[in-house]
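Just so you know, all these numbers are worked out from the coordinates, no wet-lab data involved. Because the structure is a prediction, the values reported are computed rather than measured. Note that each Cβ is placed from the backbone with ideal geometry, even for glycine, and that neighbours are counted across all protein chains shown.
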Amino acid sequence: MLDDLDRRILRYWQAEPSLSPGELAERCNITTGKAARRIARLQDQGIVQGSGVVVDWAALGYALEVSLRVTLDKTQANAFDIFMAAARQVPEVIELQTFLGRVDLRLSIIARDMGHYQQIYRSRILTLPHIAEIEALMHVARIKTQEGLPL
């Protein structure tokens with residue numbers, strides 16, 4: 001499992017993903033080689049699954065986010081798999097989650113404005129297979145987004 005040094009490396013790296021192994025080593029008061037080996041081990045064990053760029057879609061003109069709660073017609077064989085494969089093909093679907101309970105899935109959709117959303121909804125969402133019920137929730141504000149873990 002993780003020791004104190006692993007946690008320290010992850011804390012610094014989560015806070016500032018652009019840090020190099022040398023910079024992480026300096027902050028953790030260890031050698032660059034030791035930091036690089038720890039980073040490689042964390043990646044090999046699947047604890048760190050990658051790093052990437054976070055794009056602010058609002059800055060690119062997408063002013064609207066809608067969350068759709070979808071209940072599927074589960075009398076159809078493979079309804080989940082077929083629906084998810086089709087939903088993944090919709091470029092404006094930025095997140096797809098599955099649930100246990102009355103609601104089966106949640107889709108997060110981005111659009112430039114209400115007219116664009118209506119176009120996406122009518123031409124791409126309503127044509128997705130096996131939908132029994134759908135409910136739209138208009139996103140108003142993101143209060144907290146936390147991708148890092150408290151280490």
- Query: What is the calculated FRET efficiency for Asp4 to Ala59, with r their C-beta to C-beta distance and R₀ = 30 Å, to the nearest 0.05?
  - Reply: 0.20
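What is the magnitude of the charge dipole of region 51-151 about its Cα centre, with +1 placed on the Cβ of each Lys and Arg, -1 on the Cβ of each Asp and Glu, and no other charges, expressed in debye to the nearest 20? Write out the running numbers ahead of the final one.
Numbers: 10 positive and 11 negative charges, 15 e Å.
Roughly 80 debye for region 51-151.
Could you list the chymotrypsin sites (Phe, Trp or Tyr not before Pro) in region 59-125 that lie in coil according to DSSP, counting only those with at most 12 other Cβ atoms within 10 Å of their Cβ?
Values: sites: Tyr62, Phe80, Phe83, Phe99, Tyr117, Tyr121; in loops: Tyr62, Phe99.
Of the chymotrypsin sites (Phe, Trp or Tyr not before Pro), the ones in loops of region 59-125 whose Cβ has at most 12 other Cβ atoms within 10 Å are Phe99.
Once you have a ≥ b ≥ c as the square roots of the Cα gyration tensor eigenvalues for region 57-138, tell me rounded if a/c is under 1.5, and otherwise prolate or oblate according to whether a/b is larger than b/c. Walk me through the intermediate numbers first.
Working: a/c = 2.09, a/b = 1.92, b/c = 1.09.
Verdict is prolate for region 57-138.
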- Query: Let a ≥ b ≥ c be the square roots of the eigenvalues of the Cα gyration tensor of region 96-146; is it rounded (a/c under 1.5), or, if not, prolate (a/b larger than b/c) or oblate?
  - Reply: oblate
- When every alpha-carbon pair in region 1-60 is counted, what percent end up more than 20 Å apart? 26
- Which cross-chain or sequence-distant (5 or more) residues have an amide H under 5 Å from the amide H of Leu64, H modelled 1.01 Å from N in plane? Ala111
- Message: I need the phi-derived Karplus couplings for region 52-65: 6.51 cos²θ - 1.76 cosθ + 1.60, θ = phi - 60°, integer Hz, Gly and Pro marked x.
- Response: x, 9, 9, 9, 7, 5, 5, 5, 9, x, 8, 8, 10, 10
- Note on the structure: So, relative contact order of the chain in percent, Cα under 8 Å, 6 or more apart, is 26
- What ³J(HN,Hα) values, in whole Hz, does the Karplus curve 6.51 cos²θ - 1.76 cosθ + 1.60 give for region 30-46 when θ = phi - 60°, with x put for Gly and Pro? 9, 6, 4, x, 5, 4, 5, 5, 5, 4, 4, 5, 4, 6, 4, 7, x
- One finds the C-alpha centres of region 81-135 and region 1-43 to be spaced, in Å, by 39
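Can you give the relative contact order of region 63-151 as a percent, counting alpha carbon pairs under 8 Å and 6+ residues apart?
On the way: 127 pairs, mean separation 39.1, N = 89.
So the answer I get is 44 percent.
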- Message: No solvent, one uniform scatterer per C-alpha: report log10 I(q)/I(0) for the chain via the Debye equation at q = 0.08, 0.20 1/Å, two decimals.
- Response: -0.37, -1.11
- Query: Label points 7 Å out from Cα along the Cβ direction at Leu96 and Gln146: separation in nm?
  - Reply: 2.8
- Candidates per GluC sites (Glu not before Pro) in region 66-151, loop by DSSP, up to 15 other Cβ within 10 Å: Glu147
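Would you please give the FRET efficiency between Ala132 and Gln14, computed as 1/(1 + (r/R0)^6) with r the Cβ-Cβ distance and R0 = 41 Å, to the nearest 0.05?
In this case the efficiency is close to 0.55.
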